[in-house]
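The values are calculated or read from the model by the stated rules, or taken from the named source; none is laboratory data. Please read all numbers here as calculations on a predicted model, not as lab measurements. Reconstructed Cβ throughout: ideal geometry from the backbone, glycine too, with neighbour counts over all protein chains shown.
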Amino acid sequence: MCALLVGGRALAAPLPTRVILLGTKGGPKPSPSRAPACVAIVIEGTIYLVDCPNGVARQIVMAGLSLDRLGQLFITHNHSDHVLDVGSLLVLAWGSGLNSPVGIHGPPPLRKIVGHSLAASRYDIAVRMREEGRPALLPLIHVSEQARGGPVYRDAKVTVSSVAVDHYSVKQAFAYRFDTPARSIVISGDTTYSEALVDFTRGADLLIHEAMYLDAVVELAGGSASLQDHLLRSHSTTEQVGLVAARAGVKKLVLSHLVPAFPWITDEMWLAGVRKHFTGEAVVGRDLQEV
Ligand SMILES: [Zn+2]
Ligand SMILES: [Zn+2]
């Protein structure tokens, strides 16, 4: 075990806090090039997960993490690309040996979403309890709905807080901040430029922010002025992301939840807008990348 000597006393070094991008694309449409955006923060093997999109269980395994070490889930908002697999993740983690409590935090109607998703697996859960001797799943699941931003969760390893961001028609959408002795990490969730997010992010080591590539949005909208307008009011352009990172004074910025996730948009194209404002370290996220 690492130890520091301070004033003659041995102090344990902060536990390493790993941050892994399980997926990096935004929006509900499956893509062959990227998995949907989702972040795992791993401290001493325990997984703190932000969002549960389609395929998240497999991405956790692909990242070399153990599904049975799922600790807490944090849902930024209830669009399908953030919550669709919450029930299947719980069932698959349980089928992989999970036997410790899991907390799920996020805006309403999250309790209903989790309840209905687990109800869809009632048959399978009963069979595995009977035939494999698995413990009951439902008593392990604890949903905590958050109607507004503020303190969310705390244990010996991490303190988690949230702030309401501006995701246009979604009235309850949050960013989350994880403060550990080793690092402070902010995950923006889906948002257009948000001054509240700037304040919330101030002094963080790492900001993982959603990003939209404006020129390609026109192509994505297929000439629909209303869709284009909706995207612009709901998400952040790369220039806006650079502005948030610069104003908040973060050490490192990672772009994720890329909209649109077209393979022809190069890292340089993504970062050109960011660099108009932010001069610190900035990277375009890749699936399964540790940041
Ligand atoms: Zn989204
Ligand atoms: Zn959304």
So the helices (runs of 4 or more DSSP H) completely within segment 44-98 holding 2 or more residues that are within 16 Å of ligand 2 (Cβ to nearest atom) and farther than 24 Å from Asp155 by Cβ are 80-83
Condition (residue is in contact with a Lys or Arg (Cβ under 7 Å, 6 or more places away or on another chain), farther than 23 Å from Ser184 by Cβ and of a type outside the set (Gly, Ala, Ser)) applied to segment 249-265: is it met by at least one residue? yes
Quick one: how many residues across segment 147-172 are within 16 Å of ligand 1 (Cβ to nearest atom), touching a Ser or Thr at 6+ places or on another chain (Cβ under 6 Å) and not β-branched (Val, Ile, Thr)? 3
Please pick out the residue among Gln240, Gln228 that is touching a Phe, Trp or Tyr at 6+ places or on another chain (Cβ under 7 Å) and either within 25 Å of Lys276 (Cα to Cα) or within 14 Å of ligand 2 (Cβ to nearest atom) (or both). Gln240
Those residues of segment 58-90 which are buried (at least 21 other Cβ atoms within 10 Å of the Cβ), more than 12 Å from ligand 1 (Cβ to nearest atom) and of a type in the set (A, V, I, L, M) amount to Ile60, Leu70, Leu73, Val86, Leu89, Leu90
Condition (residue is within 16 Å of ligand 2 (Cβ to nearest atom), surrounded by fewer than 20 Cβ atoms within 10 Å (Cβ to Cβ) and of a type outside the set (A, V, I, L, M, F, W, C)) applied to segment 6-17: is it met by at least one residue? no
Regarding segment 40-52, can at least one residue be identified that is among the charged types (D, E, K, R), surrounded by 21 or more Cβ atoms within 10 Å (Cβ to Cβ), at pLDDT 95 or above and touching a Cys at 6+ places or on another chain (Cβ under 6 Å)? yes
Contact list please: Cβ distance under 6 Å, first residue in segment 38-63 and closer than 17 Å to Ile113 by Cα and free of Cβ contacts under 8 Å to residues at least 40 places away in the same chain, second residue of a type in the set (D, E, K, R) and surrounded by 21 or more Cβ atoms within 10 Å (Cβ to Cβ), pairs at least six apart or on different chains. Cys52/Asp85; Pro53/Asp81; Asn54/Asp85; Val56/Asp85
Residue pairs within 8 Å by beta carbon, gap of at least six or interchain, first lying in segment 19-34 and farther than 17 Å from Gly189 by Cα and within 14 Å of ligand 1 (Cβ to nearest atom), second modelled with pLDDT under 95 and not polar (S, T, N, Q), listed first then second, are Ser31/Ala261; Arg34/Ala261
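Would you confirm whether any residue within segment 256-276 is closer than 15 Å to Ala204 by Cα and in contact with a strand residue (DSSP E or B) (Cβ under 9 Å, 6 or more places away or on another chain)?
From segment 256-276, those closer than 15 Å to Ala204 by Cα are none; that's our starting set.
The answer is no, given that none of the residues of segment 256-276 is closer than 15 Å to Ala204 by Cα and in contact with a strand residue (DSSP E or B) (Cβ under 9 Å, 6 or more places away or on another chain).
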Under 8 Å by Cβ, and 6 or more places apart or on different chains, what pairs join a residue from segment 196-223 that is within 30 Å of Arg148 (Cβ to Cβ) with one that is part of a loop (DSSP other than H, G, I, E, B) and among the acidic types (Asp, Glu)? Ala196/Asp166; Glu210/Asp190
Please state which of the following conditions Ile104 fails to meet, knowing it meets all the rest: (1) surrounded by fewer than 21 Cβ atoms within 10 Å (Cβ to Cβ); (2) away from ligand 2 (no atom under 16 Å from the Cβ). (1)
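Among the strands (runs of 3 or more DSSP E) confined wholly to segment 153-262, which include 1 or more residues that are surrounded by 17 or more Cβ atoms within 10 Å (Cβ to Cβ) and touching an Asp or Glu at 6+ places or on another chain (Cβ under 7 Å)?
Details: elements: 159-164, 174-179, 184-187, 206-212, 252-259.
Of the strands (runs of 3 or more DSSP E) lying wholly inside segment 153-262, those with at least 1 residues that are surrounded by 17 or more Cβ atoms within 10 Å (Cβ to Cβ) and touching an Asp or Glu at 6+ places or on another chain (Cβ under 7 Å) span 184-187, 206-212, 252-259.
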